[in-house]
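Report on the structure given below.
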Amino acid sequence: RPANYTETAREKGTQGRVKLVVEFSETGKVNLIYILQALPNGLTESSISTARQIKFQPEQKNGKPVSVIKIIEYSFELF
């Protein structure tokens, strides 16, 4: 699901990418989020909020759920 463009970011013409390091835990929840690349005007916060809502099935190793770390990006472009 895409992150929401904030009204402030839209008004100020903010564009770019937010990059996050996300831990997808063996319990099926997003545990940790680290910011690799941020954007102003609420776009980083919007990306973090969206990442926290990701629904997923934990990856398996030897038949048991495991935590994995992935980098995810949210792009913001005005047309």
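State yes or no: is I54 of a type in the set (V, I, T), modelled with pLDDT of 95 or more and buried (at least 17 other Cβ atoms within 10 Å of the Cβ)?
It is false that I54 is of a type in the set (V, I, T), modelled with pLDDT of 95 or more and buried (at least 17 other Cβ atoms within 10 Å of the Cβ).
I'd like to verify a number: residues in region 16-30 that are among the aliphatic types (A, V, I, L, M) and more than 11 Å from S47 (Cα to Cα), how many?
3
Take the residues in region 2-49 that are hydroxyl-bearing (S, T, Y) and not in a loop (DSSP other than H, G, I, E, B); name whichever of them is farthest from the chain's Cα centre (by Cα).
My answer is T8.
Of everything in region 3-18, what is surrounded by 18 or more Cβ atoms within 10 Å (Cβ to Cβ) and closer than 18 Å to I71 by Cβ? Give them in sequence order.
If the condition is that a residue be surrounded by 18 or more Cβ atoms within 10 Å (Cβ to Cβ) and closer than 18 Å to I71 by Cβ, then A3, V18 are the ones that fit.
Could you identify the single residue in S75, S49, S67, S25 that is open to solvent by 40 Å² or more (accessible area, probe 1.4 Å), touching a residue at least 40 places away in the same chain (Cβ under 8 Å), among the hydroxyl-bearing types (S, T, Y) and more than 15 Å from P2 (Cβ to Cβ)?
S67
The values are calculated or read from the model by the stated rules, or taken from the named source; none is laboratory data. In this text the structure is predicted, and so the values were computed from the model without any measurement. Neighbour counts are summed over all protein chains in view; Cβ atoms, including those assigned to glycine, are modelled from backbone coordinates with ideal geometry. With ligands, DNA and RNA removed, areas are computed over all heavy atoms of the protein, side chains included. Shrake-Rupley method; radii C 1.70, N 1.55, O 1.52, S 1.80 Å.
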